[in-house]
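Can you read through this structure? Questions will come right after.
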Amino acid sequence: MMEKSRTIALFGATGKTGRRVLARLLAARYSVRALARTPERLGVIDGLTVIAGDVLDPDAVAKTIRGSDAVISVFGQVKGSPLHVQTDGTRLIVEQMQAHGLTRIVSLSGGGLRDPRDRPKVADHVIRFLLKTLSGRVLADAEGHLRVLEQSGLDWTVVRGPRLTEKPGTGSYRLGWMGLDTGIEISRNDLADFILTQIDDVRFVRAMPFVSA
């Protein structure tokens, strides 16, 4: 008898990185339940169930998570987003995961978040200062979503990366902590490859690995 494929709840599937994650999930024979405000942007694809709605809508989030085995969250601040969209959306996701007995969530954030194992260099401090100055609301929202995960009791991983590019994927990447043999950019393709590995990888449970080219 063929083993039943696992189902992943995907938030942020229509974004530049989310589309790449979705394609890789389907290619790996996962079933996917994706929440989208504009479902027509995803189309009709075998193995994909699209739920129309917003990550700040509790009913839509519940429908997306119901019947899933794990969660990948790659949504965040975009132009016109509510001030705390990543924090509040993550809180709703966590609540529904707890209600439905899910424990694994992989979330994407930027390099502005800090992990105790980081060893930031001067350039890293400068970049963080610029982020706080020019994109303070984005960084504050990312930090808020991290606090929600830290208090959730779930098996979470926050994937961090530097500047994202549209370059073709290389099939390889560097992995570790900021300032310790890390680069300044990564292609969205390679980032999506790494995110997929985290569904089952337990090395970074309750940690924030930094992935770069």
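The values are calculated or read from the model by the stated rules, or taken from the named source; none is laboratory data. Worth saying up front: this structure is predicted, and the values here are computed from it rather than measured. Every residue, glycine among them, receives a Cβ derived from its backbone with ideal geometry; neighbour counts consider all protein chains shown. These accessible areas exclude ligands, DNA and RNA; they are computed on the full protein's heavy atoms, side chains included. Shrake-Rupley method; radii C 1.70, N 1.55, O 1.52, S 1.80 Å.
Please give the residues of segment 75-91, grouped as numeric ranges, whose backbone N is less than 13 Å from a label point set 7 Å along the Cα-to-Cβ vector of Thr38.
Answer for this model: 79.
Let me know the shape class of segment 1-109, please: from the alpha-carbon gyration tensor, a ≥ b ≥ c as square roots of the eigenvalues, rounded when a/c is under 1.5, otherwise prolate if a/b is greater than b/c, or oblate.
Since a/c reaches 1.5 but b/c is at least a/b, the shape of segment 1-109 is classed as oblate.
By its C-alpha gyration tensor, with a ≥ b ≥ c as the square roots of the eigenvalues, how is segment 71-213 shaped: rounded for a/c under 1.5, else prolate for a/b larger than b/c, else oblate?
Oblate, since a/c reaches 1.5 and b/c is not below a/b.
Return the sequence-ordered ³J(HN,Hα) values of segment 150-166 in whole Hz as given by the Karplus equation 6.51 cos²θ - 1.76 cosθ + 1.60 applied to θ = phi - 60°, using x for Gly and Pro.
4, 8, 7, x, 8, 8, 9, 9, 9, 8, 10, x, x, 5, 8, 10, 9
Accessible area per residue, 1.4 Å probe, Å², for segment 50-93: what's the number?
Normalised by residue count, the accessible surface of segment 50-93 is 44 Å².
For segment 26-178, give me the percentage of DSSP beta bridges that are antiparallel, rounded to the nearest 5 percent.
So the antiparallel bridges amount to about 0 percent of the total.
Using the Karplus curve 6.51 cos²θ - 1.76 cosθ + 1.60 with θ = phi - 60°, what ³J(HN,Hα) values do you get for each residue of segment 6-15, in whole Hz, with x for Gly and Pro?
Per residue, the Karplus-derived 3J(HN,Hα) values read 7, 10, 10, 8, 10, 10, x, 5, 8, x Hz.
Same structure, new question: With unit charges on the beta carbons (Lys and Arg positive, Asp and Glu negative) and the dipole taken about the Cα centre of the chain, which residue among Thr157, Gly169, Phe75 sits farthest to the positive side?
Among Thr157, Gly169, Phe75, the one farthest towards the positive end of the dipole of the chain is Gly169.
Could you give the nm distance between label points at Ser81 and Glu166, where each point is 7 Å from its Cα heading toward the beta carbon?
2.0
Counting heavy atoms of the protein chains only and a 1.4 Å probe, report the per residue accessible area for segment 131-196 as a whole number of Å².
47
Still on this structure: Please compute the modelled spin-label separation between Leu180 and Asp201, points set 7 Å along Cα→Cβ, answer in nm with one decimal.
1.4
Sequence-distant or interchain residues sharing an amide H contact under 5 Å with Val50, placed H: which?
Counting only residues 5 or more places away or on other chains, the set is Ala34.
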